[in-house]
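Chemist: First the structure, which I've put down as structure tokens, then a few questions once you've had a look.
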Amino acid sequence: MKVLPFVISSVITVGLIVTLNTNLVLPAPLGGLLSPQQGIWQNAEDDNYNYSTDLKFPQLKGKVNVYLDDHLVPHVFAEKENDVYFVQGYIHAKFRLWQMELQTLAAAGRASEIIGDKALGHDREFRRLGMVYAAEISEKEVEKDPVIKAECDAYTAGVNAYIDNLTESQLPIEYKLLGYKPEHWNNLKTALFLKYMSYDLAGHEDDFEMTNAKSFFSPEDFDKLFPLVQDSLDPIIPKGTVFDSAKVKPTAPVNVDSIYFNNKDLADVQEEKPDRDNGSNNWAVSGSKTKSGAPILCNDPHLGLNLPSLWFEMQLSTPTFNAYGATFPGAPGVVIGFNDSAAFGFTNGGRDVRDYYEIKFKDDSRKEYWFDSAWKKTDFRVEVIKIKGKPDYLDTVAYTIFGPVMYDKSYTGGRSINNKSYAVRWKAHDPSNDLRAFYMLDHANNYADYNAAITNLHTPGQNCVFACKNGDIAIRAQGEFPAKWKGQGDFVMPGTDSSYMWQGMIPQDETPFQYNPARGFVSSANQKPTDSTYPYYLGRDYPEYRGLYINRRLSALNDITVQDMMDLQTSEYDVFAEMAIPIFLKNMKEEELTAGEKKYFDILKDWDFTDDINSTGATVFNILWKQFTKVVYDDEYANAPKVIMRPYESTLLESVLRDTAYKFLDNIQTDKVETLRDDVTEALKKATVELDTVNKEGKLEWAKYKDTHISHLTKLEAFSSMHLPIGGGTYCVSAVKADHGPSWRMVVSLKPQTEAYGIYPGGQSGNPGSKYYDNYISKWVEGKYNILWMMQKGQETDQRIKWKMTFSN
């Protein structure tokens, strides 16, 4: 009978492996997986697992003590500064090694090495985007900075110290499932990780889709569908701010509009893209508005929800700085957090720093391309892509004055590009030393330190919020951004003429910022940084509704407490719905509704605009709005190219609020002239069909319909957290979608004794066999927070300390 549990476990294991059916994973041989000595059984950690240890490494210059608390948060105290980065690298690897390596392999276009040729398309795309090329340039820039190079060298040495002492049985379970082993870390991998974040946060562009839209629609219709500014915009830097005239004044080619509007040879390109909702909220309120008289800073970055989590919580303490917060496994330092003097956080800037140019090659050899009335020699980079179980694939990528040719006859990505070639100009290809920004923030004592720190952040562009114990608050829309003429980069541009190139960068002293504003707070939620009086072109598509609501609440609140800020950060109020629902209530032809349709309309009438878990109104509204959008626009798009930009969500809402006779309300495929009342009623009728199906499935409540889940990076459900009962949504401050949302919530009150709280949807350990793998999720779902304990010397016997790791030379 003792054999039975093992047989059952074996069957379960086989079942788990069979579920690894995505295009990102392959199972390893079963014999190794089930080995009692080295197999997956070795990855289980019971509740009494002991993390305490004494370790010696000759690379260290002094002693380092690491105190692991009851959340498995390491509090790292080092006698020498660079030793703290060595130990940070070691601990990141100890708890998140597979995640670290997977992210950098994906960024480098090396997934085929693990899972075979099914990943070849991904790998070619990332190589041709120039991810490795960009990381190599960044690494060279770091080499010029002895301080940051030493930081990275120490971090890399710490990661490798862990890898070198890793036994077969201790391998993270994913290595065993996928059948490969970790390789040594290096500084290029750290650079790759940071470039992947640049891709994730500043890599979304719609050049091809917008080009097709501008070629398909008349100029007048295009401007209606894709306006430059939304009526409801409440920018990061308040309206009415006076800006100096631009120092850099780019000039548009005289024939630019005729080129865009006459481009009828449309491309069908659908490259991999980050989630366009990668964003965040952050704000800081002055002590003049808080009950304690001390500033409060809040931040919650919105990213993909995965296990292991993107973040790893740590305290790093040395004689020169003491910082606590969210760190990236794969990079040194604290990224979002606080130190003894200040707090800092980030939201995505959302600016377009990735543009495409159509290249004219002389012939199929691609050795020369036409530029400024002459043939210019092409550079080539041969990308060697290793494929598991098959010969290497050699991809020869052409490089132009703009950057790598991402699409050409040799690589279309399976898309139709009409035998054309397109080079990509990406700001991430330029030299930068972005790690210095985080290094200096960790050491920052005041506003001047903050200002000096963030000017090192070039890509991705971020809205950097700051608060200090002396009372200062600030925000800066930071990055190195091209100074563009109106519309530049919104569309694919000719690569034969230098007048379409970026003509300069916006000077750092013209970057929009606020410092101790009279209104008593600064905030950002990925909305447009400024109104139209700012002298530089900032692009078109920015989400404005979260920012609108945050500013409304911060303006109204006084005597603000930490709990007030937690309530705002977890708010499920949908201001978009608040603005949109009166359109339906006022214009619905109730006399034409069936009993079933009226049932849903009544739900909508009674809804309080809150996307809470049990709300049926949230589900009705979201499905109704989706159908309303289709009713209004599907006829105009019926004969459009496959790849074409659809109107922004704000376009329809604000156009109808402004004009109830909005042109696109009429269905051009019928003889009748449809009105707003017609479209609203038809949308509810179509929504009812979908709502009836949802209702029969028992998913009319918002949380069930939205079905938020946090998937393991392999998509293996046994390692994931599924069907989470959480509200929120795209337009809520708590912007929780199905697999995307607040990846770290932080509230810091900068009282003399800092009071800080935080949570993220995961756990400190990357091991699914550990209780610390996903133990934060239930609190995150409930909108609760952990205390972020900045441990002080002398607290080594505090009851929160569970284990101690000692590192020495």
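The values are calculated or read from the model by the stated rules, or taken from the named source; none is laboratory data. Every value quoted in this text rests on a predicted model; they were computed, and no experiment measured them. Because the Cβ atoms are built from the backbone with ideal geometry, glycine has one as well, and the counts that use them run over all protein chains shown. Please note that ligands, DNA and RNA were not included when accessible areas were found on the heavy atoms of the full protein model with its side chains. Shrake-Rupley method; radii C 1.70, N 1.55, O 1.52, S 1.80 Å.
Chemist: One residue is enough: does the stretch 713-723 have a residue meeting the conditions buried (at least 18 other Cβ atoms within 10 Å of the Cβ), in contact (Cβ under 8 Å) with a residue 24 or more places away in the chain and outside any loop (DSSP other than H, G, I, E, B)?
Modeler: Yes; the residues of the stretch 713-723 include at least one that is buried (at least 18 other Cβ atoms within 10 Å of the Cβ), in contact (Cβ under 8 Å) with a residue 24 or more places away in the chain and outside any loop (DSSP other than H, G, I, E, B).
Chemist: Can you find a residue that is touching a residue at least 12 places away in the same chain (Cβ under 8 Å), crowded, with 21+ Cβ neighbours inside 10 Å and more than 22 Å from the chain's Cα centre (by Cα) anywhere in the stretch 736-744?
Modeler: Taking every residue of the stretch 736-744 in turn, none turns out to be touching a residue at least 12 places away in the same chain (Cβ under 8 Å), crowded, with 21+ Cβ neighbours inside 10 Å and more than 22 Å from the chain's Cα centre (by Cα).
Chemist: May I pose another question? Could you please tell me which pairs satisfy a Cβ distance under 8 Å, a separation of 6+ or placement on different chains, a first residue in the stretch 300-312 that is under 19 Å from residue 523 (Cβ atoms), and a second residue that is among the charged types (D, E, K, R) and part of a strand (DSSP E or B)?
Modeler: 300/745
Chemist: Filter the stretch 103-132 down to residues that are surrounded by fewer than 20 Cβ atoms within 10 Å (Cβ to Cβ), of a type outside the set (Asp, Glu) and under 21 Å from the mean Cα position of the chain (by Cα), then give me how many there are.
Modeler: 1
Chemist: Moving to a separate point now. With aliphatic (A, V, I, L, M) and under 21 Å from residue 307 (Cα atoms) as the only criterion, which of 787, 801, 777 stands out?
Modeler: Being aliphatic (A, V, I, L, M) and under 21 Å from residue 307 (Cα atoms) holds for just one of 787, 801, 777, which is 777.
Chemist: Just the residues that are under 30 Å from residue 634 (Cβ atoms) and of a type in the set (Val, Ile, Thr), please, taken from the stretch 217-257.
Modeler: Result: 229, single match.
Chemist: Continuing with this model, one more query. Is the stretch 409-432 home to any residue that is in a strand (DSSP E or B), open to solvent by 50 Å² or more (accessible area, probe 1.4 Å) and out of contact with any His (no Cβ under 7 Å at 6 or more places or on another chain)?
Modeler: Pass one, the stretch 409-432, residues in a strand (DSSP E or B): 411, 416, 421-426.
Cutting the leftovers down to open to solvent by 50 Å² or more (accessible area, probe 1.4 Å) gives us 416.
Of the ones still in play, those that are also out of contact with any His (no Cβ under 7 Å at 6 or more places or on another chain) are 416.
The answer is yes; a qualifying residue exists.
Chemist: Can you tell me which residue in the stretch 204-232 is surrounded by the fewest Cβ atoms within 10 Å (Cβ to Cβ), limited to those that are of a type outside the set (D, E, K, R) and out of contact with any helix residue (DSSP H, G or I) (no Cβ under 8 Å at 6 or more places or on another chain)?
Modeler: 218
Chemist: If you don't mind, another one. Hey, among 794, 783, which residue is on the phi > 0 side of the Ramachandran plot and surrounded by fewer than 18 Cβ atoms within 10 Å (Cβ to Cβ)? Walk me through it before giving the result.
Modeler: Values: 783 fails: surrounded by fewer than 18 Cβ atoms within 10 Å (Cβ to Cβ).
Being on the phi > 0 side of the Ramachandran plot and surrounded by fewer than 18 Cβ atoms within 10 Å (Cβ to Cβ) holds for just one of 794, 783, which is 794.
Listed here are the residues, each with its yes/no results for (1) open to solvent by less than 10 Å² (accessible area, probe 1.4 Å); (2) over 16 Å from residue 434 (Cα atoms).
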position: 319; (1), (2): no, yes
position: 328; (1), (2): no, no
position: 338; (1), (2): yes, yes
position: 346; (1), (2): no, no
position: 351; (1), (2): no, yes
position: 362; (1), (2): no, yes
position: 367; (1), (2): no, yes
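Chemist: Condition check: aliphatic (A, V, I, L, M), part of a strand (DSSP E or B) and open to solvent by 10 Å² or more (accessible area, probe 1.4 Å). Does residue 405 satisfy that? Even if it seems obvious, please write down each step before you answer.
Modeler: Working: aliphatic (A, V, I, L, M): yes; part of a strand (DSSP E or B): yes; open to solvent by 10 Å² or more (accessible area, probe 1.4 Å): no.
Taking the combined requirement at face value, the residue does not satisfy it.
Chemist: Another one. Just name the residue that is nearest to residue 115 (Cα to Cα) out of those in the stretch 368-388 that are in a loop (DSSP other than H, G, I, E, B) and touching a helix residue (DSSP H, G or I) at 6+ places or on another chain (Cβ under 8 Å). Steps first, please.
Modeler: The first filter runs over the stretch 368-388 and keeps only residues in a loop (DSSP other than H, G, I, E, B), leaving 371-374, 378, 388.
Filter again for touching a helix residue (DSSP H, G or I) at 6+ places or on another chain (Cβ under 8 Å), leaving 371-372, 388.
Working: 371: 40, 372: 44, 388: 6 Å.
Result: 388.
Chemist: Does the stretch 279-294 hold any residues that are of a type outside the set (S, T, N, Q), more than 17 Å from residue 758 (Cα to Cα) and either surrounded by 24 or more Cβ atoms within 10 Å (Cβ to Cβ) or touching a residue at least 12 places away in the same chain (Cβ under 8 Å) (or both), and which are they? I'd like the intermediate steps shown before the answer.
Modeler: Filtering the stretch 279-294 for residues of a type outside the set (S, T, N, Q) gives 279, 283-285, 287, 289, 291, 293-294.
Okay, now just the ones that are also more than 17 Å from residue 758 (Cα to Cα), so 279, 285, 287, 289, 291, 293-294.
Once the filter is applied, which keeps residues that are of a type outside the set (S, T, N, Q), more than 17 Å from residue 758 (Cα to Cα) and either surrounded by 24 or more Cβ atoms within 10 Å (Cβ to Cβ) or touching a residue at least 12 places away in the same chain (Cβ under 8 Å) (or both), the stretch 279-294 yields 279, 285, 287, 289, 291, 294.
Chemist: In the list 808, 778, 743, which residue meets the criterion of being among the hydroxyl-bearing types (Ser, Thr, Tyr) and more than 27 Å from residue 86 (Cβ to Cβ)?
Modeler: Result of the check over 808, 778, 743: 778.
Chemist: Something else now. When you check residue 383 against the structure, is it open to solvent by 50 Å² or more (accessible area, probe 1.4 Å) and either without any contact (Cβ under 8 Å) to a residue 24 or more places away in the chain or over 27 Å from residue 303 (Cβ atoms) (or both), yes or no? Walk me through how you get there before you give the answer.
Modeler: Details: open to solvent by 50 Å² or more (accessible area, probe 1.4 Å): no; either without any contact (Cβ under 8 Å) to a residue 24 or more places away in the chain or over 27 Å from residue 303 (Cβ atoms) (or both): yes.
No, not satisfied.
Chemist: Report, by residue number, each residue of the stretch 751-765 that is open to solvent by 10 Å² or more (accessible area, probe 1.4 Å) and touching a residue at least 12 places away in the same chain (Cβ under 8 Å). Working first, answer last.
Modeler: First, pick out the residues of the stretch 751-765 that are open to solvent by 10 Å² or more (accessible area, probe 1.4 Å): 751-755, 757.
Hits for the stretch 751-765 are 751, 752, 754, 755, 757.
Chemist: In addition: Taking helices (runs of 4 or more DSSP H) that do not extend beyond the stretch 1-118, which have at least 1 residues that are modelled with pLDDT of 95 or more?
Modeler: Result: 81-107, 112-115.
Chemist: Those residues that are farther than 19 Å from residue 193 by Cβ and in a strand (DSSP E or B), I need them from the stretch 340-367; list them, please.
Modeler: Across the stretch 340-367, the qualifying residues are 342, 343, 344, 345, 347, 355, 356, 357, 358, 359, 361.
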